[in-house]
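Scroll down for the structure; my scribbles are underneath it.
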Amino acid sequence: MKQNFRITLRPVRIGLTLLTLAIAAMSLISFTEKKFYEDVFSKLGLTRDQANARITEGLLNGYLNHYGIRNLKSIALNDRGAIVKDLASYAREQAATPAFKTAYLKIKESNKPTAPQKMQTADELRAGMVKSLTDNITKFEAELKTATAQMKPIYQNMLVESKKQLKEYQDPNNAMLKMYADNFKESESIQKEAYQNQLNAWEEKYPANPIFYVKLKLQEFLEATEGVDFNAATVEKNGKKYFTNPSYERKSSNWKMAFRAGKPAVDAGRAFAKEWIAEISK
């Protein structure tokens, strides 16, 4: 059954932009001449800079924002493979530009784990609490002088409690502070280790060289498009198509996106992804 899925005009998440860019830029056939670029982007309702921005956004974030792009359904299913190949080559060129690297580093830095605040020592904690409670006592005593009959009991209770806590923190044998001091080095070590683990995970997700980040996205694309059943039967209900196999309805949005794209486009995208991964891995 020939599929004519509608592409909605909203952000659609996928494993890699190579496939969705090909579907979105339906009239892109070749990237060989500058004038042709301009003609193609004009058909899409995009400037060259906007098109490059879409490609960069897709490579970095794993999704393409289709909003505002026209002529999304104008290409035959069997012609998409050639488009994927040409557009993927252009995406590879874009990934090597300084602009892409700058955009990547910006995203990487924005996702860097925040360093934890320096832990207070027991003495620092004591000093901070003593100051805070002393300030509160001064404030409550002042408020008590002008408080209404209804509010006076409240301030009196707060004053009594604050003085009690102040005495406890001023006690050199405070059990809580002693326990805090005894466990300080271990707690500090645990905090540092946790932060280092976060940094390691961040570096793994966002390598220093952006091309290795692209490699991760290529691998995600291959995983997402593995074993797509392009012959899956569908049925239309209320203007929307559904898989007759209920298990397919539970598939990821990436899997469904690949199904909509069709086997020629996906096969071309997978072949290019494998080729690019091999090149990066050299």
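The values are calculated or read from the model by the stated rules, or taken from the named source; none is laboratory data. All values derive from a computational prediction rather than experimental measurement. Neighbour counts run over all protein chains shown; Cβ positions are idealised from the backbone, glycine included.
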Report the residue count in the range 206-235 for those that are small (Gly, Ala, Ser), touching a residue at least 40 places away in the same chain (Cβ under 8 Å) and assigned to a loop (DSSP other than H, G, I, E, B). 1
Some residue of the range 143-159 being closer than 30 Å to Ser110 by Cβ and free of Cβ contacts under 8 Å to residues at least 12 places away in the same chain: no
Among Gln196, Gln191, which is in contact (Cβ under 8 Å) with a residue 60 or more places away in the chain and out of contact with any helix residue (DSSP H, G or I) (no Cβ under 7 Å at 6 or more places or on another chain)? Gln191
For the range 202-228: of the residues being closer than 22 Å to Lys256 by Cβ and surrounded by fewer than 14 Cβ atoms within 10 Å (Cβ to Cβ), which is farthest from the chain's Cα centre (by Cα)? Gly227
Could you list, in sequence order, all residues of the range 248-268 that are more than 23 Å from the chain's Cα centre (by Cα) and at pLDDT below 90? Phe259, Arg260, Ala261, Gly262, Lys263, Pro264, Ala265, Val266, Asp267, Ala268
